[in-house]
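The values are calculated or read from the model by the stated rules, or taken from the named source; none is laboratory data. All values reported here derive from a predicted model rather than from experimental measurement. We place every Cβ from the backbone using ideal geometry, glycine too, and count neighbours over all the protein chains shown. Remember, those area values only see protein heavy atoms, side chains included, never the ligands or the DNA or RNA. Shrake-Rupley method; radii C 1.70, N 1.55, O 1.52, S 1.80 Å.
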Amino acid sequence: ALVRLLDGAAARAPLLLDDPFARYDAARLQAAVELVAELASERQVILFTEDTLLPVLVREICPSSELIELPAP
């Protein structure tokens, strides 16, 4: 709801999230990824994470997602 409120009804700005689920337990993580997948149906979502399991969960929930892995520093 906050994303929609800040962006307005007509605009569809991308949503950038930097490791927002770092402290979530499994149940909350599942619910959060489902919500992000719903948002991704109406706008671009870019999710940065160091978690190796999160991309697996995202792919299960949103198989059309694209994964870009960056090289380690």
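Observations on the structure shown:
- In the set Glu60, Glu42, only one residue is charged (D, E, K, R) and at pLDDT 90 or above; that residue is Glu60.
- Matching residues, the stretch 47-70, being outside any loop (DSSP other than H, G, I, E, B) and of a type in the set (Val, Ile, Thr): Val56, Val58, Ile61
- The stretch 1-39, subset in a strand (DSSP E or B) and open to solvent by less than 40 Å² (accessible area, probe 1.4 Å), residue modelled with the highest pLDDT: Leu17
- Among residues of the stretch 49-73 that are of a type in the set (Ser, Thr, Tyr), those with a beta-carbon under 6 Å from a residue that is loosely packed, with under 15 Cβ neighbours inside 10 Å at least six positions away or on a different chain give the pairs Thr49/Asp19.
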